[in-house]
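Student: Pasting a structure here, questions to come.
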Amino acid sequence: MHMKQRLRRTMMFIPGNNPGMMRDAHIYGSDSLMFDLEDSVSMPEKDAARMLVYNALKTIDYGTTEIVVRINPLDTPYGKADIEAMVCAGAHVLRMPKTETAQDVRDCEAYIAEMEKKHGIPVGTTLMMAAIEGALGVINAYDIATASDRLIGIALGAEDFCANMKCQRTTTGAELQLARQTLVLAARAAGIDALDTVYSDVNNEEQLVYEATLVRDLGFDGKSVINPRQIGPVHKVFAPAAKDIEKARRIVAALKEAEARGSGVISLNGKMIDKPVVIRAQRVLELARVSGIISEED
Amino acid sequence: MELLKTGAAGTMESGDIYVEVDKGAGGVEIELQSTVASLYGRRIKEVISEVLKEQGVSSARITANDKGALDCTIRARVATALLRASEQGDSGWWKK
């Protein structure tokens with residue numbers, strides 16, 4: 001079984017018909033790689049991209065990096081073939097594009113289950129995530145997020161969303177504010193991850209950092225990236241500050257002390273610590289560990 | 001697998017291989033151009049031959065222009081060219 005809960009600060013897009021980018025995509029350190037069979041592949045090349053990603057996933061060892069494949073929608077001539085090929089290739093997560101309703105998720109899940117059975121793969125092995133890229137999808141975000149146990153997260157696709165909303169991307173992100181907040185709220189209520197859209201100007205690191213900081217503060221788990229150069233700045237944004245790590249350490253130490261006493265009441269400097277504070281502190285330490293700021297023993 | 005027409009797949013970009021297949025006149029003939037021919041020419045031809053054999057293709061003429069493709073890319077491009085030449089869909093291709 002693949003891991004439903006894991007760190008997803010960055011998910012790097014790899015065009016599905018570009019073998020030059022597939023070979024060493026994992027060496028840059030993004031938490032997930034997302035091979036794209038959808039928008040980055042022209043219609044006459046859909047068969048070639050599917051075959052290429054299938055062979056790459058069967059052959060190349062991407063280590064501990066999470067492998068996601070963005071498939072074509074089920075109502076296109078490519079969606080079902082994408083699912084069969086990628087279930088067989090052992091993709092960890094299939095990303096559904098343009099998800100509008102919970103039924104979209106259920107239809108996709110049913111076909112994944114059918115293909116798992118057909119090929120003797122335990123049903124439930126292949127995880128899913130849903131990209132929400134239009135007004136209807138945002139309105140249905142919670143229903144989508146709770147439509148399948150296979151879902152690891154929901155993601156915002158801003159370009160299609162803005163086209164659907166008849167608005168433009170702005171530097172402030174005002175046009176995405178409600179969609180982002182709705183998605184993160186739905187994801188948290190469903191207990192899954194919220195992943196932000198790409199920022200496509202690879203030469204503008206300042207704006208990338210602004211967007212990553214904005215979504216981190218809203219509660220997102222990570223951001224999609226399109227270039228290895230964007231991984232470091234996003235990881236830096238999601239890495240906790242030294243004072244937060246120190247505070248988290250004291251809270252977790254207080255938790256251990258309370259456990260050792262057999263007490264359910266955790267206190268620090270005379271103040272009672274609530275469970276949500278402990279959960280946040282544990283998350284801070286986990287992020288600090290994977291960011292290389294503190295060691296595994298901490 | 002029966003080849004009905006010329007099928008091609010791949011690109012001339014770095015890390016890729018461009019492959020053209022047609023049914024030929026009996027036997028397998030591979031014409032390879034590669035940026036790494038002196039080191040890997042024999043291996044590239046082996047990979048191409050493996051895919052043909054797996055698909056039961058005994059008569060084919062293959063023209064390939066390699067730009068440093070990995071084995072998995074060579075396999076994928078030959079497979080796509082064969083499927084296009086045979087006008088077969090890829091259902092039935094996928095194995096766990």
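The values are calculated or read from the model by the stated rules, or taken from the named source; none is laboratory data. Fair warning: this is a prediction, and the values are worked out from it, not measured in the lab. Here the Cβ is made from the backbone with ideal geometry for all residues, glycine too, and neighbour counts use every protein chain on show.
Student: Output yes when any residue across region B:29-52 is of a type in the set (Gly, Ala, Ser) and under 11 Å from the mean Cα position of the chain (by Cα), and no when none is.
Tutor: The answer is yes; a qualifying residue exists.
Student: Follow-up question, since we're still on this one. Given the conditions (1) farther than 30 Å from residue A:202 by Cβ; (2) assigned to a helix (DSSP H, G or I), and given that residue A:236 satisfies all but one, which numbered condition is not satisfied?
Tutor: (1)
Student: Let me spell it out: the conditions are (1) surrounded by fewer than 15 Cβ atoms within 10 Å (Cβ to Cβ); (2) farther than 19 Å from residue A:49 by Cβ; (3) within 14 Å of chain A (Cβ to nearest Cβ); (4) touching a helix residue (DSSP H, G or I) at 6+ places or on another chain (Cβ under 9 Å), and residue B:35 meets all of them except one. Which number is the exception?
Tutor: Residue B:35 satisfies all of (1) surrounded by fewer than 15 Cβ atoms within 10 Å (Cβ to Cβ); (2) farther than 19 Å from residue A:49 by Cβ; (3) within 14 Å of chain A (Cβ to nearest Cβ); (4) touching a helix residue (DSSP H, G or I) at 6+ places or on another chain (Cβ under 9 Å) except (4).
Student: Confirm whether residue A:230 is among the polar types (S, T, N, Q), in a helix (DSSP H, G or I) and free of Cβ contacts under 8 Å to residues at least 24 places away in the same chain.
Tutor: no
Student: Next question, about the same structure. Could you pull out the residue among B:21, B:57 that is within 14 Å of chain A (Cβ to nearest Cβ), touching a helix residue (DSSP H, G or I) at 6+ places or on another chain (Cβ under 7 Å) and not basic (Lys, Arg)?
Tutor: The unique qualifying residue is B:21.
Student: Here's a follow-up. Which number in (1) in contact (Cβ under 8 Å) with a residue 12 or more places away in the chain; (2) outside any strand (DSSP E or B); (3) charged (D, E, K, R) marks the one condition that residue A:223 misses?
Tutor: Condition (2) is where residue A:223 drops out.
Student: Can you tell me which residue among A:231, A:245 is among the aliphatic types (A, V, I, L, M), touching a strand residue (DSSP E or B) at 6+ places or on another chain (Cβ under 9 Å) and under 30 Å from residue A:211 (Cα atoms)?
Tutor: Values: A:245 fails: touching a strand residue (DSSP E or B) at 6+ places or on another chain (Cβ under 9 Å).
Of the residues listed, the single one that is among the aliphatic types (A, V, I, L, M), touching a strand residue (DSSP E or B) at 6+ places or on another chain (Cβ under 9 Å) and under 30 Å from residue A:211 (Cα atoms) is A:231.
Student: Can you find, within region A:1-13, the residue that is farthest from the other protein chains (Cβ to nearest Cβ) among those that are of a type outside the set (S, T, N, Q) and surrounded by fewer than 22 Cβ atoms within 10 Å (Cβ to Cβ)?
Tutor: A:7
Student: Then there's this: Would it be correct to say that residue A:216 is in contact with a Phe, Trp or Tyr (Cβ under 9 Å, 6 or more places away or on another chain), without any contact (Cβ under 8 Å) to a residue 24 or more places away in the chain and outside any strand (DSSP E or B)?
Tutor: Criteria met by residue A:216.
Student: Now, a different point. State all residues of region A:43-58 that are acidic (Asp, Glu) and either out of contact with any helix residue (DSSP H, G or I) (no Cβ under 7 Å at 6 or more places or on another chain) or crowded, with 24+ Cβ neighbours inside 10 Å (or both); if no residue qualifies, say none. Full working, then the answer.
Tutor: Start the filter on region A:43-58 by keeping residues that are acidic (Asp, Glu), which leaves A:45, A:47.
Within region A:43-58, just A:45 meets the criteria.
Student: Do we find that residue A:280 is under 26 Å from residue A:7 (Cβ atoms), of a type outside the set (A, V, I, L, M, F, W, C) and touching a strand residue (DSSP E or B) at 6+ places or on another chain (Cβ under 8 Å) in this structure?
Tutor: Judged against the criteria, residue A:280 is not a match.
Student: State whether one or more residues within region A:100-118 are farther than 17 Å from residue A:194 by Cα, among the β-branched types (Val, Ile, Thr), in contact (Cβ under 8 Å) with a residue 24 or more places away in the chain and facing another protein chain (nearest Cβ under 9 Å).
Tutor: Scanning region A:100-118, I find no residue that is farther than 17 Å from residue A:194 by Cα, among the β-branched types (Val, Ile, Thr), in contact (Cβ under 8 Å) with a residue 24 or more places away in the chain and facing another protein chain (nearest Cβ under 9 Å), so the answer is no.
Student: Name the residues in region B:61-91 that are more than 10 Å from chain A (Cβ to nearest Cβ) and over 10 Å from the mean Cα position of the chain (by Cα), would you?
Tutor: Within region B:61-91, B:65, B:66, B:85, B:86, B:87, B:88 meet the criteria.
Student: Identify the residue in region B:15-32 that is surrounded by 13 or more Cβ atoms within 10 Å (Cβ to Cβ) and more than 16 Å from residue B:72 (Cα to Cα) and, among all such residues, is modelled with the lowest pLDDT.
Tutor: B:24
Student: Considering only region A:119-155, how many residues are within 14 Å of chain B (Cβ to nearest Cβ) and either assigned to a helix (DSSP H, G or I) or at negative phi (or both)?
Tutor: Qualifying residue count for the region: 6.
Student: It is to be established whether one or more residues within region A:192-200 are crowded, with 16+ Cβ neighbours inside 10 Å, β-branched (Val, Ile, Thr) and farther than 20 Å from residue A:13 by Cβ.
Tutor: Taking every residue of region A:192-200 in turn, at least one turns out to be crowded, with 16+ Cβ neighbours inside 10 Å, β-branched (Val, Ile, Thr) and farther than 20 Å from residue A:13 by Cβ.
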